[in-house]
Amino acid sequence: MPSPSLGPRVLLRRLREVMAEQTSAQARLDKIVMAIAANMVAEVCSVYVLQGGTVLELYATEGLRREAVHQSRLKVGEGLVGLIAEQAIGLNLTEAESHPSFKYLPETGEELFHSFLGVPITRGGAVIGVLVVQNKTKRHYTEEEEEALQTTSMVLAEVLAASGFLEAQRTTLVGTADLRTQAMVGEGLAEGVALGHVVLHEPRIRIQNMIAESVPDELKRIDAGVLQLRQHVEDLLEGSEALSSNDSSDVLETIRMFAHDKGWLARLKEAVQNGLTAEAAVERVQNDNRARMARTPDPYLRERMHDLDDLSNRLLRLLTGAVATAARTDLPDNTIVVSRNMGPAELLDYDRSKLRGVILEEGGKTSHVAIVARALGIPAVGQATGIINLVDDGTSLVMDGGAGDIFVRPSSELEKSYAEKVRFYASRQAAYRALRDLPSVTKDGQAITLNINAGLVVDMPHLHESGADGVGLYRTELHFMMAGRFPRLSAQVKHYKSILDQAEGKPVVLRTLDIGADKTLPYLRQPREENPALGWRSIRMALERPALFNLQVRAMLIAASGRELRIMFPMIADVSEFEAARDGVLKEREFLRKHGHVLPSSLKLGAMIEVPALLWQLDELLPMADFASVGSNDLVQFLFATDRGNPKLAGRYDPLSPAALSALRLIVEKGKQHGKSVTLCGELGGKPLEAMGLAGVGIASMSMVPSGIGPVKAMVRSLDQGKLWAFMQPLLSSGKHSLRQDLADFAKANGVEV
Ligand code: PEP
Ligand code: MG
């Protein structure tokens, strides 16, 4: 009978000695398996290493036939070893042969051995091999022995990496059921298809020192780290960071609970007692948690485990001093960045020439990183729950930012068909470019103005590339959101001036700050609200914080000196708000006049129609405004009382419904009646079928994502607007849920390009 193991601490010390020896990598591995076998009082110890992402090869053994080394191979999922790699779980068997997955490898001579204990070797969350001990006697390995082997396997992972055994190797991750293609559907945030390789936005932390020099010192480091972590979580909860980050307070509360969890702390300390450093102990416990997470079917529990994973990462960073995000300038070609979430400025830090796509576990269509991705023309998918645990740096991937489709480790056929899609997109874009200088006029002679929406300096080249008429909406808040503090007057003047300069005389509508709801400024304390979308935001905040508003307006007036200036106010719900905002602008203009500034050659002020109450105030509003612009994202959200960012509600109500289209028709008629131009600047305008519906009800000016200009112009030029309106008018009182199908049928029957 084997005697009890000598304990992992002695073994780890021995491993350190072996690692320090000057010898070949293979000889070192041979010594290591020998040391493990001796320590665990096992007759066999074998290491299998994952090769090419699909095969586990016997790399070293003590006890099995030496000739089998580098000869015996098992596919992932095949035999006990394959099962361990596939499921990232340990197996403890008294009689290996009676397990249904047992596969006999005659070249190894393993028929002599009955009991079997195997654990996955993981590194940075990925399975890279399997470590096995076996005994002749039918015995059950104790929990301590299992724990010891798990701990040893972590150190072994580093030995394998340091020995160069893992080079250029694809890995499978804890929880991935197999190495075949994994499909996932998220929310399409920015259109386009991308093929490439993953770069994790937050690189996995690679631990340098796994083996404790002094266990008492490492225990102290764990205590100090956890204390620091608790403080960090308190700061997150209380401080402004909680308001500006996307962590909801619920998540933070759960994280706080975990940070104080005694069981977690006990497991961390146990791992240190077994001879690991503090950071290795965190990873050790994290690996267990990840393996459990992968096996938990309950989405709620998985989410909680995810929170614990997040906490472990924070603790790892505290212990290793790693920075949360690294600026990436050394990107590989065809990079697809994968992140839990990301601020817009962080996306801009990436080298555009290498970046092909972005995938986020969180993040909805209206998140700012999505807006920036669209501005840069980079395909993006959000709500890709669990993607981080499925991939590692270098994992191959294809994505479709329109449909939200993601394929991890795509098969070559899939890659081919997506490469074809990329070519198709490119050729369509070329066709649209050919339309660039042609007028945007319907077949029956109606001119439809096509503008772009912008919010960044990088958007401006699209104005000329697309051949758009102007900038229908410039979202000024993005500049504020990317700054570390309120931009000073001079910085704002410089920014607006650069936008107007780049427009080269084409009209630009600057919108005053639209902060609130999902648009937060990290340096601005905002009250926590039950319903932020309906809360203290946008023009409401501006009018109560006149200093902020006045400064911005002053910057716009100075930037536009000698040329035309168009300013628009967001979220107007009441005529008096427009009046107050207008008076604020006129006062600033007066101030500048008195101080001898050159004023804009003309000043046009407009209101955004985003709040339904304004529909019944148009007779009062329009005479005092120079123009109006429908913010259909918000107008539709408020008309149907549906959160525009809630994926559960996406598609439930259709902007192409009689209700929404009738509201737009009303605005068009009122605009005509008062002789004021009405434009639309929500996302709707950028989609050909939707834009056709808008043109149908008489919207003659639209502002959209730059990539929409070509397709929408193609639609406009193939449309008979009068015929469409005649078709739509009776349908507006049809009581139908949506006119989408009717419009699609019309387009097909009349050869309209949608
Ligand atoms: C809108 O609401 O339609 C709009 C254009 O403004 P934003 O998307 O910035 O809220
Ligand atoms: Mg809006």
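The values are calculated or read from the model by the stated rules, or taken from the named source; none is laboratory data. Nothing here was measured: the structure is a model prediction, and the numbers come from that model. Positions of Cβ are generated from backbone atoms using ideal geometry, with glycine treated the same way; all protein chains shown enter the neighbour counts. Surface areas here come from the heavy atoms of the whole protein model, side chains and all, with no ligands, DNA or RNA. Shrake-Rupley method; radii C 1.70, N 1.55, O 1.52, S 1.80 Å.
Within the range 557-580, if we keep just the residues that are open to solvent by 50 Å² or more (accessible area, probe 1.4 Å) and in contact with a strand residue (DSSP E or B) (Cβ under 8 Å, 6 or more places away or on another chain), the residue that is nearest to ligand 1 (Cβ to nearest atom) turns out to be ARG566. Inspection of the range 451-463 identifies at least one residue that is at pLDDT 90 or above and among the β-branched types (Val, Ile, Thr).
Within the range 658-676, does at least one residue satisfy the condition of being within 17 Å of ILE452 (Cβ to Cβ) and part of a loop (DSSP other than H, G, I, E, B)? No, that holds for no residue.
No other residue among GLU97, GLU57 is charged (D, E, K, R) and in a strand (DSSP E or B) apart from GLU57. Screening ALA326 with (1) in a helix (DSSP H, G or I); (2) at pLDDT below 75; (3) open to solvent by less than 50 Å² (accessible area, probe 1.4 Å); (4) not basic (Lys, Arg) gives one miss only, at (1).
The rows are residues; the columns are (1) closer than 22 Å to ALA663 by Cα; (2) among the polar types (S, T, N, Q).
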| position | (1), (2) |
| --- | --- |
| SER538 | no, yes |
| GLU544 | no, no |
| LEU551 | no, no |
| LEU586 | no, no |
| SER601 | no, yes |
| ALA607 | yes, no |
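Quick test for you: out of LEU694, LEU743, LEU719, pick the one residue that is at pLDDT 95 or above, of a type outside the set (Lys, Arg), crowded, with 23+ Cβ neighbours inside 10 Å and within 16 Å of ligand 1 (Cβ to nearest atom). Matching residue, one of LEU694, LEU743, LEU719: LEU694.
None of GLY682, GLY645, GLY651, GLY710 is in contact with a strand residue (DSSP E or B) (Cβ under 8 Å, 6 or more places away or on another chain) and either among the hydroxyl-bearing types (Ser, Thr, Tyr) or modelled with pLDDT under 95 (or both) except GLY682.
Cβ separations smaller than 8 Å between residues 6+ apart or across chains give the following pairs from the range 264-284 residues that are free of Cβ contacts under 8 Å to residues at least 24 places away in the same chain to residues that are acidic (Asp, Glu): ARG267/ASP288. Taking first residues from the range 565-580 that are more than 18 Å from GLN552 (Cα to Cα) and partners that are of a type in the set (Gly, Ala, Ser) and open to solvent by 20 Å² or more (accessible area, probe 1.4 Å), the Cβ contacts under 6 Å between residues at least 6 apart in sequence or on separate chains come to ALA573/ALA613. Applying the condition of being more than 21 Å from GLU187 (Cβ to Cβ) and open to solvent by 50 Å² or more (accessible area, probe 1.4 Å) to the range 622-649 and asking which residue is nearest to ligand 2 (Cβ to nearest atom) yields LEU639. Within the range 650-679, restricting attention to residues that are more than 16 Å from ligand 2 (Cβ to nearest atom) and of a type in the set (Ser, Thr, Tyr), the residue that is surrounded by the most Cβ atoms within 10 Å (Cβ to Cβ) is SER657. Tell me, please, whether a residue that is part of a strand (DSSP E or B), closer than 17 Å to ILE121 by Cβ and assigned by TED's automatic domain parsing to the domain that holds GLU158 can be found in the range 80-92. Yes, some residue in the range 80-92 is part of a strand (DSSP E or B), closer than 17 Å to ILE121 by Cβ and assigned by TED's automatic domain parsing to the domain that holds GLU158. Of the numbered conditions (1) open to solvent by 60 Å² or more (accessible area, probe 1.4 Å); (2) within 21 Å of MET342 (Cβ to Cβ), LEU534 fails exactly one; give the number of that condition. Failed condition: (2). Quickly run through the range 597-616 and pick out the residues that are assigned to a loop (DSSP other than H, G, I, E, B), away from ligand 2 (no atom under 16 Å from the Cβ) and either open to solvent by 30 Å² or more (accessible area, probe 1.4 Å) or under 19 Å from ARG665 (Cβ atoms) (or both). Hits for the range 597-616 are HIS597, VAL598, LEU599, SER601. Across the range 469-498, the number of residues qualifying as surrounded by 17 or more Cβ atoms within 10 Å (Cβ to Cβ) and touching a Phe, Trp or Tyr at 6+ places or on another chain (Cβ under 6 Å) comes to 0. I'm checking my understanding of the structure. Among residues of the range 30-62 that are out of contact with any helix residue (DSSP H, G or I) (no Cβ under 7 Å at 6 or more places or on another chain) and of a type in the set (A, V, I, L, M), which one is surrounded by the most Cβ atoms within 10 Å (Cβ to Cβ)? The extreme case among them is ALA42.
Regarding ASP619, is this residue surrounded by fewer than 18 Cβ atoms within 10 Å (Cβ to Cβ) and touching a helix residue (DSSP H, G or I) at 6+ places or on another chain (Cβ under 9 Å)? When the stated conditions are applied, ASP619 passes them.
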